[in-house]
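The values are calculated or read from the model by the stated rules, or taken from the named source; none is laboratory data. Just so it is clear, the structure is predicted and the values come from calculations on it, not from any experiment. Reconstructed Cβ throughout: ideal geometry from the backbone, glycine too, with neighbour counts over all protein chains shown.
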Amino acid sequence: MRGVLRCGRYQDTLAETTCDLLCVDAPYSSRTHSGHNGGAAKANRCTAEDEKRLRVDKRTGSVYAVGANRRQSIDYAAWSPGDVQEFVDFWHPKTRGWFVAMTDHVLAPVWAEALSRTGRYVFSPLAFIAPGSRVRMTGDGPAQWACWLVVARPRTPLFVRWGALPGGYTLPKGLGRAESKPCMPGGKPLWLLREVVKGYSRPGDTVCDPCAGMGTALLAASLEGRLAIGSEMSPATFALAQARITESSGVGLDTVSELTHDDLQDRQQHRASVGSSPHGQLPVGPAPRAGTQQRP
Ligand SMILES: C[S@@+](CC[C@H](N)C(=O)[O-])C[C@H]1O[C@@H](n2cnc3c(N)ncnc32)[C@H](O)[C@@H]1O
């Protein structure tokens, strides 16, 4: 078993979890959600019928809900700046290494400011340009469909000397459009998450995605030899993620299951007994000035 996925809000299910890389594709702002949904909030469409239509491309790990209307609307609630701040406050003390948050142009500055207040060094947002994506917002300026990756690292020597990484992400050569499709509305392609996992963590690290959706980051982490831990609050999406990852077992993840707090504690005790992370201790110390952008 190289990964665990819990069903529920991360605040409840992952209270005891720590990680090396925090990689999250959290809900976007209400502006993006309403643009994507044609201005209307939609009911959760992730039904048992959808599950029956699930198809997994075993080669890429991509999931398609055949014939289901899963690409049309975003079912989960948008996040406010307060949700972002709560998330950063919760995860900063539990994250030993890099912090990568995927978001839209509205919340990107909010993530950057919240992470900066923790004392991490925050980079300029990196763009992920989804090929062939539909333009989401019209009539109010240049069309935009970019996802921003807000990346931050601790100000400790290991991370200062980490090495050069991509300044943005586009579809790699050799991959077709089909392989770049997300597996759910607002989801991200597996190749992107594999790149992020490879770039910002080392083999054997623990990668956590607290808002796992269809489990793309967890699958990517497992495929790249990391321990994956995550949570998804929608039971329907959780069920689809379970099915997806179980189907993909041939490419790396053995099982996905719900864990109790006792299980998580056992896992952490085991980890402590076999050796600590090469990243060392959790970041501690006073939060520096808001908005600082100086290195390291
Ligand atoms: C953008 S989607 C993630 C998609 C994922 N990256 C993928 O490609 O499969 C965001 C997910 O976060 C979940 N979510 C929102 N708030 C949450 C919380 N407090 N705890 C756990 N999951 C949450 C939503 O239900 C939604 O499925």
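Under 8 Å between Cβ atoms, at least 6 apart or on separate chains: pull out the pairs that start in the range 8-20 with a residue that is more than 11 Å from residue 208 (Cβ to Cβ) and end on any residue that is part of a loop (DSSP other than H, G, I, E, B). Taking only residues 6 or more apart or on different chains, the pairs are 8/233; 9/233.
Please go through the range 225-234 and give me each residue that is on the phi < 0 side of the Ramachandran plot and more than 6 Å from the ligand (Cβ to nearest atom), ordered by number. Working first, answer last.
Step one: list which residues in the range 225-234 are on the phi < 0 side of the Ramachandran plot, which gives 226-234.
Those that are on the phi < 0 side of the Ramachandran plot and more than 6 Å from the ligand (Cβ to nearest atom): 226, 227, 228, 229, 230.
Within the range 78-117, count every residue that is within 15 Å of the ligand (Cβ to nearest atom), of a type in the set (Phe, Trp, Tyr) and buried (at least 21 other Cβ atoms within 10 Å of the Cβ). Of the residues in that region, 4 qualify.
Considering only the range 225-248, how many residues are part of a helix (DSSP H, G or I) and hydroxyl-bearing (Ser, Thr, Tyr)?
Let us first name the residues in the range 225-248 that are part of a helix (DSSP H, G or I), namely 235-248.
When the remaining residues are screened for being hydroxyl-bearing (Ser, Thr, Tyr), the result is 237, 246, 248.
Within the range 225-248, residues that are part of a helix (DSSP H, G or I) and hydroxyl-bearing (Ser, Thr, Tyr) number 3.
Restricting attention to the range 1-52, the residues that are at pLDDT 80 or above and farther than 23 Å from residue 107 by Cα add up to 15.
The residues of the range 169-193 that are away from the ligand (no atom under 12 Å from the Cβ) and either in contact with a His (Cβ under 6 Å, 6 or more places away or on another chain) or modelled with pLDDT of 90 or more (or both) amount to a single one, 169. Candidates in the range 205-224 are the residues that are in contact with a Lys or Arg (Cβ under 8 Å, 6 or more places away or on another chain), assigned to a loop (DSSP other than H, G, I, E, B) and modelled with pLDDT under 95; of these, the one that is nearest to the ligand (Cβ to nearest atom) is 214.
Every listed requirement among (1) free of Cβ contacts under 8 Å to residues at least 24 places away in the same chain; (2) within 10 Å of the ligand (Cβ to nearest atom) is met by residue 246 save one, (2).
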